[in-house]
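Report on the following structure.
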Amino acid sequence: MSSDIDQDFEQQICDYLLSHPRFFVRHTSVLDDIKVPHKTGGAVSLLEHKVRMLQDKAEAYQKQLQELIAVARDNDRLNQRLHRLTLRLIEANSRQDILATLQDELRERFNADAVELKLFSTRELEEAQVSESGMAVFRTFMDADKPTCGPLKGDKLRTLFGDQAGEEGSAALIPIRTSDLSGILAIGSQDRERFHSGKGVDFLIRLGELVSLSLQALGKPHHP
């Protein structure tokens, strides 16, 4: 019961001070007389406590600003790399050119250890003619039709990367779709944490759209 009374009394004090902002102007000595316990030990005046609170907030805001600047710089570098990749894919004249471009750019500029593009016709998927020991292990992923990241091992690594595959690693898997093709763009790393499940997929979605459009364009006739 006394706890409730104390809380009510404290709330009345808070309400009074908030509704009378000039209280401390009229009673400046109170600022020095009131001592506020500090979390590191000792006590400071109310004014000093307020200054320290403002300093802590300023430091927190500065840290947030630095983090935002770092993210902006990373995004800018990512956009530059994606722009360069886009220009190179525009010049591609075959699937082999597209794969070679992806391998060059993603290995050099995105720190990938392996890059593979597995494609099969839409008819093959619809008729379920993919062997159970091959790309069928990724059928659930293809049905979900969205990029994913995470650790891989065993059959999945060997199916995607062949001789490049180790015993374990991680990969970003990106679905590829055209009017008559479906497949997976796989970006692999020997580091199990390189492509973790919490990694954002916005860039991977854009990359998948870019590769899909590049493959689709190969099937269109070129007009003079």
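Coordinate-derived values only; no laboratory data. Note that the structure is predicted; figures quoted are calculated from it, not measured. All Cβ positions, glycine included, derive from the backbone under ideal geometry; neighbour counts span all protein chains shown.
Side notes on the structure shown:
- Neighbourhood net charge (15 Å Cβ-Cβ; Lys/Arg +1, Asp/Glu -1) for Glu167: -1
- Per-peptide average of other Cβ atoms within 10 Å, ordering 201-207, 62-68 highest first: 201-207, 62-68
- In order through region 57-65: 3J(HN,Hα) via Karplus (6.51 cos²θ - 1.76 cosθ + 1.60), integer Hz, x for Gly, Pro: 5, 4, 5, 5, 5, 5, 5, 4, 5
- Length gained on full extension, Leu213 to Arg109, computed as 0.36 nm times the residue gap minus the Cα-Cα distance: 35.3 nm.
- Proximity of backbone amide H atoms, modeled 1.01 Å from N, is registered between Ala112 and Arg107 at under 5 Å, excluding neighbours fewer than 5 places apart on the same chain.
- Vicinal HN-Hα couplings computed from phi for region 179-184 (Karplus, 6.51 cos²θ - 1.76 cosθ + 1.60; Hz; Gly/Pro x): 5, 10, 10, 9, x, 10
- Taking amide H as placed 1.01 Å from N in the peptide plane, Leu152 has its amide H under 5 Å from the amide H of Gly169, Ser170, Ala171, each at least 5 places away in sequence or on another chain.
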